[in-house]
Each structure stands twice: as C-alpha cells, then as structure tokens.
C-alpha cells in the first residue's frame, strides 16, 4: 500500500491552496502545469522520471517498476509532444497508478477524461515521441521549479500541483485542518451578514 493512501481523500478535501498556505513552504509547482480535463485531482506518493526531450522511453521503463498507488511525476524539459496518451493510461490503470504530473505534453485528452485518469501537464501536443534514451527512472528530479524525491507527497487539483516531503506532511495536514475549521467559521459569519473587513479585523480605515 502506498504512503499517503489513507489520507488521500482528506488531502483532496482541503485542496492544494489550503495545503500550500498551511505548509508555509515553497511547495507549489509552476502554475502552468494544469489538469488536462475538468475535475481531475490526485494525491499520492511520487515516482519521479526524467525524459530526454521528445523521447518517452523512460516512461515505458517506469511502467515496469512504478509501485501501485503512486503518482508518476515526469520531467520532460517543458517539451510539448505526445509523451503520454491512451495506451500508457491503460497500462497505468492496470498497475493502479494514481495519476500523472508531467512538465511536458500529452495527447488523447478525450480518452484520458473518459477513463477518468488524472493528468496534469504543461500542454497538449499530438506529435509522437521517439524511444531511445532514458535519463533516469525512480530518482530525484526538479519539475516546475520544485525538487521531487521518490515518495514525496503530490497533491493536484484545479488550483495546481504541490509537493511535500514526508517530513512535512503531518504538520501541514494539522495546520490545514485548523485552517479549514477557521474558514468554515468565517463562512458562517459572512452568511450572517458580517463583512470580511470586520471578520479579519481590517476596520482601522473607518476611524480615519
């Protein structure tokens, strides 16, 4: 069983924005990494892969070794091409892979949505890739400006993608719980007619 599987639903309920602020860390990946279909979301341990530009051999190799319940996190040097499509999606789901984050391109997006496989990518590109080089599989990478090591927590939703080392997960989750509880109370005050200025103590301007 993959790490974080028991808290995946709670992580997704809090959402990446709450988790990011609760962490007080620089854990947000480049905002250009976006879900390729509406509603895609994932949470799980990272299995990092680094591809050569325009070459997806490393991904095919990773499909033999990625543990069930993990998220494939791929550094493709921001190159937009069809590194991933429906064929690899079927292979990934057969191995119980949670989803994909790739700093590069994917294709067959209608099929990915139909199969409900969560994918976050820099772009969509129909061009095929070669299969000649595999720089690294299962080793640390840097993607979207954040260093990712095997087993780091990855959470992704409509707001973006974040990564946390295992050492920061418990504290971040506890802070997120407190933040979510506080925000729920704020919503009740707003529904009762109070303003955000009053709730947040920002009324000093009224005395000027």
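For the reader, a short list of remarks on this structure follows.
- When each of 44, 104, 54, 99 is tested for being over 20 Å from the mean Cα position of the chain (by Cα), in the same structural domain as residue 9 (by TED's automatic domain parsing) and at pLDDT 95 or above, the lone residue that passes is 54.
- When residue 147 is tested against (1) out of contact with any strand residue (DSSP E or B) (no Cβ under 7 Å at 6 or more places or on another chain); (2) touching a residue at least 40 places away in the same chain (Cβ under 8 Å); (3) part of a strand (DSSP E or B), just one condition goes unmet, and that condition is (2).
- Residue 184 being assigned by TED's automatic domain parsing to the domain that holds residue 58 and exposed (fewer than 14 other Cβ atoms within 10 Å of the Cβ): no
- For residue 201: the one exception among (1) within 16 Å of the chain's Cα centre (by Cα); (2) over 29 Å from residue 86 (Cβ atoms); (3) not in a helix (DSSP H, G or I): (1)
The values are calculated or read from the model by the stated rules, or taken from the named source; none is laboratory data. Keep in mind it's a predicted model, so treat the numbers as computed, not measured. Ideal geometry is used to build each Cβ from the backbone, glycine not excepted, and the neighbour counts take in all protein chains shown.
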